[in-house]
Amino acid sequence: MPRGPPRPGLEPHRLVPLGRRWYLLAWDRDRDDWRTFRLDRIDDVFQTRVRFAPHPLTDDDALERVQRAVRWRDHAVRAAVHVAMPVEEFRERLGWWARDAVAAPHGEGTVWPVEGESVAGVAAALLWVPEGVGCRVDGPPELLAFLGAQAARFAAAAASAAG
């Protein structure tokens with residue numbers, strides 16, 4: 001049976017950065033709903049020449065939709081990073097990565113929930129805590145063990161470089 005021309009089922013809306021990835025948020029005509037696509041997994045695009053009126057959506061709504069769409073992934077590691085810095089200053093230093101919905105005030109400092117696909121991924125996020133600012137990590141035992149091992153490794157590397 002011959003196939004007809006491709007159906008113009010998607011209306012691309014905008015690109016949304018989340019974590020270290022970019023996502024395409026698009027309206028799916030067939031599903032009559034929003035769809036989210038990881039940009040690094042799109043391997044072919046073509047122009048359909050179909051025109052459409054964009055659906056109204058604010059930047060915050062777009063981010064929220066993408067966050068909900070990728071939430072299905074079961075992040076293997078979650079931690080709460082308690083940062084000794086006022087939340088407003090922390091948000092200013094980290095930008096969109098510490099948005100209002102993410103970093104929250106906690107006493108005189110900030111609590112910053114971090115998720116990753118591995119303990120190394122969560123540990124890498126700690127590099128964003130500004131130098132000289134104290135922090136404490138509440139997380140699973142395997143994360144805390146990894147951080148301890150890395151701290152010892154870095155201390156040994158620094159000692160050998162100084163010695």
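The values are calculated or read from the model by the stated rules, or taken from the named source; none is laboratory data. A quick note: this is a predicted structure, and the numbers were derived from the prediction, not measured. In this analysis, Cβ positions are derived from the backbone assuming ideal geometry, glycine residues included, and neighbour counts consider all displayed protein chains.
Some points to look at:
- In the condition set (1) modelled with pLDDT under 85; (2) not assigned by TED's automatic domain parsing to the domain that holds residue 147, residue 100 is compliant with all but (2).
- In the stretch 54-67 there is at least one residue that is closer than 18 Å to residue 9 by Cβ, in a loop (DSSP other than H, G, I, E, B) and touching a residue at least 40 places away in the same chain (Cβ under 8 Å).
- If the condition is being closer than 23 Å to residue 84 by Cβ and touching a Phe, Trp or Tyr at 6+ places or on another chain (Cβ under 9 Å), then the stretch 120-159 contributes 122, 123, 125, 128, 129, 130, 133, 135.
- Total residues in the stretch 125-142, condition assigned to a helix (DSSP H, G or I) and either more than 17 Å from residue 111 (Cα to Cα) or of a type in the set (Asp, Glu) (or both): 2
- Single residue of 102, 119, 111 found to be free of Cβ contacts under 8 Å to residues at least 24 places away in the same chain and surrounded by 13 or more Cβ atoms within 10 Å (Cβ to Cβ): 102
- Residue tally, condition at pLDDT 90 or above and assigned to a loop (DSSP other than H, G, I, E, B), over the stretch 20-53: 0
- Residue in the stretch 69-84 that is surrounded by 14 or more Cβ atoms within 10 Å (Cβ to Cβ), within 30 Å of residue 9 (Cα to Cα) and under 21 Å from the mean Cα position of the chain (by Cα) present: yes
- Taken together, the residues in the stretch 85-94 that are among the aliphatic types (A, V, I, L, M) and either loosely packed, with under 15 Cβ neighbours inside 10 Å or over 15 Å from residue 108 (Cβ atoms) (or both) amount to 1.
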